[in-house]
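Asker: What follows is a single structure, and I will ask about it in a moment.
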Amino acid sequence: MSSRPPLSDRQALILHQVVAGYIATGHPVGSKALVEAGAVDASPSTVRYELAELEARGLLGHPHTSAGRVPTDAGYRLYADGLLRSPLGSAELAVDLSSARTEVDSALRTTADMLSQMTSLLALVTAPPVETAEIRHVEVLLLQPELLMVVVITSTGDVTKRLFSLEAAVDRRLADSVGIFLNERLRGVRLGTRALTSALEEPDLSQAEAALVEAIVPAFTQLERSRGEQTLYVGGVSRLADELAPGDLARVNDMIEVLEERMMLLELLRGVLDGNRVSLRIGAENPLPALQAVSLVTAGYGLATRPLGTVTLVGPTRMDYAVAIRAVRGAAAALSSFVGDVYDA
């Protein structure tokens, strides 16, 4: 296609009409239908010629059982790129995140469910990596003289608990003192940063306090490693099977396996994380074979200073791209506003 001249205005219009017509009806679109609908101001013979030219360019396909044309992945790509350049705006997502308060996980789960209901597509929302969160509060609880529990609450609402078996008994006063120290030094410190390690270095601690701090350091330094994988929230798995064509249903199991594995899918979604820009992967553009019967429409959400996660809709290549683009933009904007309040709280 790169060696061919750009599409003429009429060819671009015909391609747009064929894609839009096929998305709306699921039936191949022919020259007669285009002319009779008034979609193209040209004779049927001229439209047939242009359809043949678009097919030669690899933008349309020609089912043997029909005189009409259907879009190829490349045809969908040109159509969707045109939508990205147009002022589609963002959809208002009918979701109230206020009940989630500071619990980001709850907000992401709600967003995935509502986005799927709104579009009848499969919705995927990735959570921010735990290392982007800040420590809000630490509890050091003495359960037994030689058994300690450390509770860490982060800015995203995550609560982690870790037990420590100590080599020597400690008293409650020592545990309380270390708890006060940790809250003074770690509140507002982001996980996964050098500032966390340096904040725990205090030469004025007593020998007993320093030994206890050293013993429970993994509650903070290993938290990032143990929860470093982004969590993936999924909404509407059954809807994907409903939307795919019968010939593609065999791939639903493959898709479910990808969702269960998650590692490859998370890596793919991280690869398109670019602020709030909408990114599309259509059919064969997807590197994972199990995704090559579907299209992914993705937008990133996060803070002004750094991206945190993605919102994605997955559906058949015949999905309504305009609806999907507006929906992920709206969801990403809502989540960006939400996490902005949480992280700055």
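All of the numbers you see were taken from the coordinates with simple rules; none came from a lab. As the structure is a computational prediction, the values presented were derived from the model and not from experiment. All Cβ positions, even for glycine, are placed from backbone atoms using ideal geometry, and neighbour counts span all protein chains on display.
Asker: Give me the net charge for the shell around Val170: Cβ to Cβ below 14 angstrom, other residues only, Lys and Arg +1, Asp and Glu -1.
Answerer: On the way: positive: Arg172, Arg173; negative: Glu146, Glu167, Asp171, Asp176, Glu209, Glu214.
Around Val170, the surrounding residues sum to -4.
Asker: Given the chain reduced to its alpha-carbon atoms as identical point scatterers, what log10 I(q)/I(0) does the Debye formula return at q = 0.09, 0.13 Å⁻¹?
Answerer: Listed by q, the Debye log ratios stand at -0.61, -0.98.
Asker: Over the range 131-226, what number does the Rg to Rh ratio reach, with both radii from the alpha-carbon atoms and Rh per Kirkwood?
Answerer: Values: Rg = 12.5 Å, Rh = 13.3 Å.
My calculation puts Rg/Rh at 0.94.
Asker: May I pose another question? Just want the ordering: Ser206, Ser31, Ser177, from fewest to most Cβ atoms lying within 10 Å of their own Cβ. Spell out each step's value before the answer.
Answerer: Working: Ser206 10, Ser31 24, Ser177 17.
The most exposed by this proxy come first: Ser206, Ser177, Ser31.
Asker: Here's something else I'd like to know. Near Thr72, within a Cβ-to-Cβ distance under 10 Å, what is the net charge of the other residues, with Lys and Arg +1 and Asp and Glu -1?
Answerer: Values: positive: Arg57, Arg69, Arg77; negative: Glu55, Asp73.
Around Thr72, the surrounding residues sum to +1.
Asker: Also: Which shape class applies to the range 9-71: rounded if a/c is under 1.5, otherwise prolate when a/b exceeds b/c and oblate if not, where a ≥ b ≥ c are the square roots of the Cα gyration tensor eigenvalues?
Answerer: Values: a/c = 1.34, a/b = 1.14, b/c = 1.18.
Rounded is the answer for the range 9-71, as its axis ratio a/c remains below 1.5.
Asker: Mark the label point 7 Å from the Cα of Val151 along Cα→Cβ and return the residues of the range 182-223 whose backbone N is within less than 17 Å of it.
Answerer: Correct set: 182-184, 187, 219-220.
Asker: Right, here's the next one. Which of the DSSP-defined H helices in the chain satisfy a minimum axial length of 20 Å, computed from C-alpha atoms, and a minimum mean Kyte-Doolittle hydropathy of 0.0? Kindly include the intermediate steps, with their values, before the conclusion.
Answerer: Details: long enough: 9-25 (24 Å, 0.58); 104-119 (22 Å, 0.03); 172-186 (21 Å, -0.03); 321-344 (34 Å, 0.81).
Helices meeting the span and hydropathy rule in the chain are 9-25, 104-119, 321-344.
Asker: For Ile282, Ile216, what ranking results if the residue with the fewest other Cβ atoms within 10 Å of its Cβ goes first? Spell out each step's value before the answer.
Answerer: Numbers: Ile282 24, Ile216 20.
Ordered by Cβ neighbours within 10 Å, fewest first: Ile216, Ile282.
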